[in-house]
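Trainee: Submitted below is the structure of interest, expressed as structure tokens.
The values are calculated or read from the model by the stated rules, or taken from the named source; none is laboratory data. These numbers come from a predicted model, not from an experiment. Here the Cβ positions follow ideal geometry from the backbone for every residue, glycine too, while neighbour counts run over all protein chains shown. Just so you know, the surface numbers come from the protein's heavy atoms only, side chains and all, with ligands and any DNA or RNA stripped out. Shrake-Rupley method; radii C 1.70, N 1.55, O 1.52, S 1.80 Å.
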Amino acid sequence: MTSFPARARRVRDSALSPQRRLYALRECALHCAPYGFRATWHHLVVAARIPRRLTDDLDALVRAADELQRTRDVVLHRAQEYAALRRREKAAGMRTPRTLSPWNSWGWSRIAYCPDPEHHPTEPLATVVQAVLDRHDAGINPDRHCLACGTERRRPGHACPTCGVHPDGPAAPWRASQAEERWQQVWHRELDDRPTPVP
Ligand SMILES: [Zn+2]
């Protein structure tokens, strides 16, 4: 995770070309992707209103980097608390952790993985991650309730119908026709159906 601050600085660096700043944002999103990279990217494009032509609103890239930074801070804080807990447990002779952390995965994507890139929670990323970690700490069973939104799970093995988070993480199966074509539209920010931002 050490390269995140350096990448975020590149996103904010107005001396760099818009494309290089976009790629730096992509690197940030690879390091901090609670929904998985594609759904996290879709969220950022919509929430930060990243335009198709970057020069129309370069501040959008900064808004997206700021959101990722806030999200990363939430996870790092919990990760440090967890590390301290494990040190105490090990000192007490407990070699196997009592609880597993949900963030020990690539890009932390196990926290709230969304197999469908366009179906994910709509709140700020940091709010969702905080809610997941709080429910995790409270001992909520992810097979019974969605840790992201609290919806009761009626169909085990399926993504949450309310928010799209799948309890199985990146191993979750997902198939959709035109998925790759649709992803290309997301990546190029060609979202004709994005909601009108609230002023
Ligand atoms: Zn949910």
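Trainee: Being in a helix (DSSP H, G or I) and surrounded by fewer than 18 Cβ atoms within 10 Å (Cβ to Cβ) is the filter here; which residues of the stretch 38-61 pass it?
Mentor: Passing the criteria: Leu54, Thr55, Asp56, Asp59.
Trainee: Moving on. Mind checking whether some residue in the stretch 130-145 is among the acidic types (Asp, Glu), exposed (fewer than 10 other Cβ atoms within 10 Å of the Cβ) and away from the ligand (no atom under 14 Å from the Cβ)?
Mentor: no
Trainee: Still on this structure, please answer the following. Name the pairs: first residue in the stretch 149-169 and of a type in the set (Ser, Thr, Tyr) and in a loop (DSSP other than H, G, I, E, B), second residue within 7 Å of the ligand (Cβ to nearest atom) and open to solvent by 80 Å² or more (accessible area, probe 1.4 Å), Cβ to Cβ under 6 Å, at least 6 apart or on different chains?
Mentor: So the pair list comes out as Thr151/Thr162.
Trainee: I would also like to ask the following. Any residue in the stretch 148-162 that is open to solvent by 40 Å² or more (accessible area, probe 1.4 Å) and in contact with a helix residue (DSSP H, G or I) (Cβ under 9 Å, 6 or more places away or on another chain)?
Mentor: Yes: one or more hits.
Trainee: Can Pro124 be described as within 15 Å of the ligand (Cβ to nearest atom) and open to solvent by 50 Å² or more (accessible area, probe 1.4 Å)? Full working, then the answer.
Mentor: Numbers: within 15 Å of the ligand (Cβ to nearest atom): no; open to solvent by 50 Å² or more (accessible area, probe 1.4 Å): yes.
Criteria not met by Pro124.
Trainee: Separate question: Would you check which residues across the stretch 109-141 are aliphatic (A, V, I, L, M) and part of a loop (DSSP other than H, G, I, E, B) and list them?
Mentor: Scanning the stretch 109-141 gives Ile111, Ala112, Ala138, Ile140.
Trainee: Of the residues Val165, Val186, only one is modelled with pLDDT of 80 or more, in contact with a His (Cβ under 8 Å, 6 or more places away or on another chain) and within 16 Å of the ligand (Cβ to nearest atom); which? Before the answer, list the steps.
Mentor: Values: Val186 fails: within 16 Å of the ligand (Cβ to nearest atom).
Result of the check over Val165, Val186: Val165.
Trainee: Take the residues in the stretch 17-37 that are open to solvent by 20 Å² or more (accessible area, probe 1.4 Å) and under 21 Å from Val128 (Cβ atoms); name whichever of them is nearest to the chain's Cα centre (by Cα).
Mentor: We begin by selecting, within the stretch 17-37, every residue open to solvent by 20 Å² or more (accessible area, probe 1.4 Å); these are 17-20, 23, 26-27, 30-31, 37.
From what is left, the residues that are under 21 Å from Val128 (Cβ atoms) are 26, 30-31, 37.
Numbers: Arg26: 12, Leu30: 9, His31: 10, Phe37: 7 Å.
Ranking the candidates gives Phe37 first.
Trainee: State which residue pairs qualify: first residue within 19 Å of Arg9 (Cβ to Cβ) and inside the stretch 62-87, second residue modelled with pLDDT under 85 and in a helix (DSSP H, G or I) in any location, beta carbons under 9 Å apart, and separation of 6 or more residues or different chains.
Mentor: Thr71/Trp108; Arg72/Trp108
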